[in-house]
1. PHE217 is checked against (1) assigned to a helix (DSSP H, G or I); (2) more than 18 Å from the chain's Cα centre (by Cα) and fails just one. What number does that condition carry?
2. Residues of the range 5-38 being without any contact (Cβ under 8 Å) to a residue 24 or more places away in the chain, surrounded by fewer than 17 Cβ atoms within 10 Å (Cβ to Cβ) and either assigned to a helix (DSSP H, G or I) or within 16 Å of the ligand (Cβ to nearest atom) (or both), which ones?
3. Name the residues in the range 154-166 that are touching a residue at least 24 places away in the same chain (Cβ under 8 Å) and more than 16 Å from GLY196 (Cβ to Cβ), would you?
4. One residue is enough: does the range 191-198 have a residue meeting the conditions at pLDDT 90 or above and of a type in the set (D, E, K, R)?
5. Being of a type outside the set (Lys, Arg), without any contact (Cβ under 8 Å) to a residue 40 or more places away in the chain and within 16 Å of the ligand (Cβ to nearest atom) is the filter here, so list the residues in the range 43-69 that pass it.
6. Where in the range 131-214 are the strands (runs of 3 or more DSSP E), entirely inside, with at least 2 residues that are hydrophobic (A, V, I, L, M, F, W, C) and in contact with a strand residue (DSSP E or B) (Cβ under 6 Å, 6 or more places away or on another chain)?
7. Take TYR207 and tell me if it is modelled with pLDDT of 90 or more and not assigned by TED's automatic domain parsing to the domain that holds PHE43.
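The values are calculated or read from the model by the stated rules, or taken from the named source; none is laboratory data. Quick caveat: nothing in here was measured; it's all calculated off a predicted structure. Cβ placement follows ideal geometry from the backbone for every residue including glycine, while neighbour counts extend to all protein chains displayed.
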Amino acid sequence: MQKARCTQDDSTYGADQFADLSNDDFLSRRQNLVCPECGGRAFFRKQSQNGRESCFGARPHAEGCGQRTAQAAASAHQERGSPGAWIDPNTRIAVDLTSQSGARNGYDSVPSDNIEMEDEFSAYAEHLRMEKVRENSLRHMRMGPLLRQLISNPAFHHSQQVIEIPGLGKFRACDFFVALPDICARHDNLTLGVFGRIVNVTHSQQYKCVWLRTEGFDNPNIYIPQDIALCLLDLLSINGLAYLTGSHMLVFGAVRISSNGQRYIYLDDPRHIAVQPS
Ligand SMILES: [Zn+2]
């Protein structure tokens, strides 16, 4: 949405106007934003690198709020081109970790340096043909759509589908994606894509971290060091991680064991988490 009301100074701000506030005002008023129509708690989302303008959102709007439909339509528009209920098993999936963008960093091909002049034209034609083949068999997906796929299509995480993750490697979906209740000793010290629901968020002064608590007594919780937690507020456009309570999440993290023998998942990169309000 384009406008939000701040309960601190009882003013309504446009997104650009809000982005121009001094740092002090920006930080304190950001905590006190509500939807101007229904009063639901709102967040500010700054302009993204791929040109999406700054805006506001609310989580959640009240039932029947007119801004809610507009927000849903905007997110649907953003997700345009994301996969539907199925993924072709012959397609490899390259996970795109660039925030909110369809950028294809790292996958652009570089034409060979060794092309002889006389062959240049045919080599270029061949290059174009290969690009087309590659485009057909490689699908770029951000973590959000992957999470939705995991939630809506249980067959997906048991499949042989190949997933490539920049910096982590290449895996089969059935090896890499594990639902939280299924994590066990054979996963210890592996980096996995774990998914499940957040039931509570707690801060630990002692360990300088945030815990995302998950369902079930024995299920591993997610450990987020404080500096990573701070980056997440901006990346997810939220004012506090407590907003994530109740959300589904997908986390790329290592399975570790605490001194009292509890398994937990260590999140060490703010780009390695996606959340989906339930
Ligand atoms: Zn509203």
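1. (1)
2. Within the range 5-38, GLN17, ASN23, ASP24, ASP25, PHE26, LEU27, SER28 qualify.
3. If the condition is that a residue be touching a residue at least 24 places away in the same chain (Cβ under 8 Å) and more than 16 Å from GLY196 (Cβ to Cβ), then SER159, GLN160, GLN161, VAL162, ILE163, GLU164, ILE165, PRO166 are the ones that fit.
4. yes
5. Initial filter on the range 43-69 (of a type outside the set (Lys, Arg)): 43-44, 47-51, 53-58, 60-67, 69.
Keeping just the survivors that are without any contact (Cβ under 8 Å) to a residue 40 or more places away in the chain gives 47, 51, 53-54, 61-66, 69.
Within the range 43-69, HIS61, ALA62, GLU63, GLY64, CYS65, GLY66, THR69 meet the criteria.
6. Numbers: elements: 138-142, 162-165, 169-172, 177-179, 191-204, 209-214.
Of the strands (runs of 3 or more DSSP E) lying wholly inside the range 131-214, those with at least 2 residues that are hydrophobic (A, V, I, L, M, F, W, C) and in contact with a strand residue (DSSP E or B) (Cβ under 6 Å, 6 or more places away or on another chain) span 138-142, 162-165, 177-179, 191-204, 209-214.
7. Values: modelled with pLDDT of 90 or more: no; not assigned by TED's automatic domain parsing to the domain that holds PHE43: yes.
When the stated conditions are applied, TYR207 does not pass them.
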